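J.: There's a structure below that I have some questions on.
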Amino acid sequence: MARILIAGAGIGGLSAALSLQASGHSVQVFESVAQIRPLGVGINVMSSAALVLRELGLAKALDETAIRTRCIEYRTRFGHLIQSDPRNVEAGFPAPQYSIHRGALQSLLLRALQERAGEGVVETGRRVSGYRQDADGAALIFADGRIERGDLIIGAEGLRSPLRAQIHPDDGPLNYEGTMMFRGAVEMPVIGDGRTMVIAGDHDCKFVTYPISEQARRKGRALTNWVAEIRHSAPRHIDDADWRRGATMDYITPFRDFRMPDMDIAAILEATDNVTEFPMIDRDPLPFWTDGRVTLLGDAAHPMYPIGANGASQAILDASALAAALAEDPGPGGLKTYEAARLPVTTNVVRANRLGGPEQVLDIAAARVTGPEDRIEDLITKEELEEVAANYRRIAGFDKAGA
Ligand SMILES: Cc1cc2nc3c(=O)[nH]c(=O)nc-3n(C[C@H](O)[C@H](O)[C@H](O)COP(=O)(O)OP(=O)(O)OC[C@H]3O[C@@H](n4cnc5c(N)ncnc54)[C@H](O)[C@@H]3O)c2cc1C
């Protein structure tokens, strides 16, 4: 079995550590921040990725923490229901889709890993800057000059991965799509059944909301996560994107004329204290991820627009595929097998998300609807809607039959 060094203790790095530890490898994770704090807001774990975590023994922890999402409702800005896309086991998925606070998911994975591999398995305050390797092994190099040796290295350090930059020195800056995403979470009375994700509006002005806390649900309340997306500039390249940055634009006015039957969007935005902004960015898909004993995983390998609830899910699926490949060949050959399994799939998701993924139904409806009195069923056929949803399920690997 191999000694595997993992850079980054995000959702991808921790899932990889758990999957690899479960198949008998020795793992060590190095995280740049001095202390892992529950940052971010809502995130979704789709059925296929939830199955991976449940098989790692995390079903109870997920059920106690996260909301089992029943369905996604796509709506027009006038509140018409365009499509209801079920996501629960009753609809045929092999595991629930979970909506969860990113920090809660990260803490849950961290706790499980520390229980199984010891407190010292994750070292914080260790900023990775590069690697070197030879026929006998690989070494992670840190910004402070220290070095750690192992057999294999996994770069899971997110959007601005130094390992990715070393493997692909010509990789360009981030692609900014021109849409700024404002995010927050606020505890409030339950909306609807308390298990539904609502996505309303169109590509230029979109509101997404879903509850993320099972603890709040058990109290009869909802920790309501929301994302307000506003397209404000032409696509361009940027260098900088920080999940911690506070809102710098008016994100409420564009939503004042949205009319939902079960919520007042402007009131939800106004009631939220801590709001952050993050640009909708990705990177062009890479031709390869692996250099000998080093490979990439999660956002380091394939950052994508957060459409279709895929960022965390694809990182978890990478982790599972990596462990399966290394169980057959715990060396550079196994890394290549992993890459061959995951690079084409995630490349397709990056490209599908650029076209709007399953949310294309919003733009189809927005182009045809004229006002609240329109009837959606007169404007779009069921077949048209199901084709968009089924196509994306196939691309993202969570088809009911194939998940
Ligand atoms: C602070 C933060 C908040 C986020 N909030 C949200 C959110 O609210 N909603 C959402 O959909 N997505 C959010 N994301 C992104 C989401 O977590 C990822 O898209 C997805 O889970 C894939 O995870 P990942 O592990 O590949 O990358 P990430 O989650 O980005 O994790 C990368 C990890 O590597 C660490 N790291 C970075 N550079 C180095 C280095 N040089 N050496 C060692 N470690 C390094 C980072 O501190 C981080 O812990 C957030 C990411 C971060 C870092």
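J.: Just to be sure I understand, how many residues within segment 42-71 are more than 14 Å from Ile212 (Cβ to Cβ), of a type in the set (A, V, I, L, M, F, W, C) and within 16 Å of the ligand (Cβ to nearest atom)?
T.: The total comes to 7.
J.: Looking at this structure, is Leu39 among the aliphatic types (A, V, I, L, M), near the ligand (Cβ under 10 Å from one of its atoms) and surrounded by 23 or more Cβ atoms within 10 Å (Cβ to Cβ)?
T.: no
J.: Pairs needed: first member in segment 327-340, among the acidic types (Asp, Glu); second member anywhere, assigned to a helix (DSSP H, G or I); C-beta distance under 7 Å; at least 6 residues apart or different chains.
T.: Final answer for the pair search is Glu328/Gly334; Glu328/Thr337; Asp329/Thr337.
J.: If Met188 meets every condition in (1) surrounded by fewer than 22 Cβ atoms within 10 Å (Cβ to Cβ); (2) farther than 30 Å from Ala61 by Cβ; (3) in contact (Cβ under 8 Å) with a residue 40 or more places away in the chain; (4) away from the ligand (no atom under 14 Å from the Cβ) apart from one, which number is that one?
T.: (2)
J.: I would also like to ask the following. Here's a check for you: in segment 94-148, which residue that is without any contact (Cβ under 8 Å) to a residue 60 or more places away in the chain and in a strand (DSSP E or B) is surrounded by the fewest Cβ atoms within 10 Å (Cβ to Cβ)?
T.: Ile147
J.: Can you tell me which residues in segment 249-265 are farther than 15 Å from Gly79 by Cα, within 25 Å of the chain's Cα centre (by Cα) and not in a loop (DSSP other than H, G, I, E, B)?
T.: none
J.: What pairs can you find where one residue is in segment 239-253 and free of Cβ contacts under 8 Å to residues at least 40 places away in the same chain, the other is surrounded by 11 or more Cβ atoms within 10 Å (Cβ to Cβ) and in a loop (DSSP other than H, G, I, E, B), and their Cβ atoms are less than 7 Å apart, with a gap of 6+ or different chains?
T.: Close Cβ pairs (under 7 Å, with a partner that is surrounded by 11 or more Cβ atoms within 10 Å (Cβ to Cβ) and in a loop (DSSP other than H, G, I, E, B)) amount to Gly246/Val275.
J.: All but one of (1) in contact with a strand residue (DSSP E or B) (Cβ under 7 Å, 6 or more places away or on another chain); (2) surrounded by fewer than 22 Cβ atoms within 10 Å (Cβ to Cβ); (3) over 21 Å from Glu359 (Cα atoms) hold for Gly24; state the number of the condition that does not hold.
T.: Condition not satisfied by Gly24: (1).
J.: Look through segment 1-36, keep the residues that are near the ligand (Cβ under 7 Å from one of its atoms) and over 19 Å from the mean Cα position of the chain (by Cα), and return whichever of them is nearest to Ala112 (Cα to Cα).
T.: If we take residues in segment 1-36 being near the ligand (Cβ under 7 Å from one of its atoms) and over 19 Å from the mean Cα position of the chain (by Cα), then Phe30 is nearest to Ala112 (Cα to Cα).
J.: Same structure, new question: Please give the number of the condition Ile268 fails out of (1) assigned to a loop (DSSP other than H, G, I, E, B); (2) surrounded by 13 or more Cβ atoms within 10 Å (Cβ to Cβ).
T.: (1)
J.: I would also like to ask the following. Note down all Cβ pairs under 7 Å where the first residue falls in segment 265-278 and is closer than 22 Å to His232 by Cα and away from the ligand (no atom under 12 Å from the Cβ), the second is part of a helix (DSSP H, G or I) and among the aromatic types (Phe, Trp, Tyr), and they're at least six residues apart or on different chains.
T.: Ile265/Phe255; Ala266/Phe255; Leu269/Phe255
J.: Of the residues Leu159, Leu140, which single one is closer than 28 Å to Arg111 by Cβ, modelled with pLDDT under 95, within 16 Å of the ligand (Cβ to nearest atom) and aliphatic (A, V, I, L, M)?
T.: After ruling out the rest, the residue left standing is Leu159.
J.: Among Ala228, Ala200, Ala222, which is the only one that is in contact with a Gly (Cβ under 8 Å, 6 or more places away or on another chain), closer than 15 Å to Arg75 by Cα and surrounded by 23 or more Cβ atoms within 10 Å (Cβ to Cβ)?
T.: Ala200
J.: Related question: Search segment 382-403 for residues being among the hydrophobic types (A, V, I, L, M, F, W, C) and surrounded by 11 or more Cβ atoms within 10 Å (Cβ to Cβ), and hand back the single one that is modelled with the lowest pLDDT.
T.: In this case the residue turns out to be Ala403.
The values are calculated or read from the model by the stated rules, or taken from the named source; none is laboratory data. This one's a predicted model, so the numbers in the text were calculated from it and none came from an experiment. Positions of Cβ are backbone-derived with ideal geometry, glycine not excepted, and every protein chain shown enters the neighbour counts.
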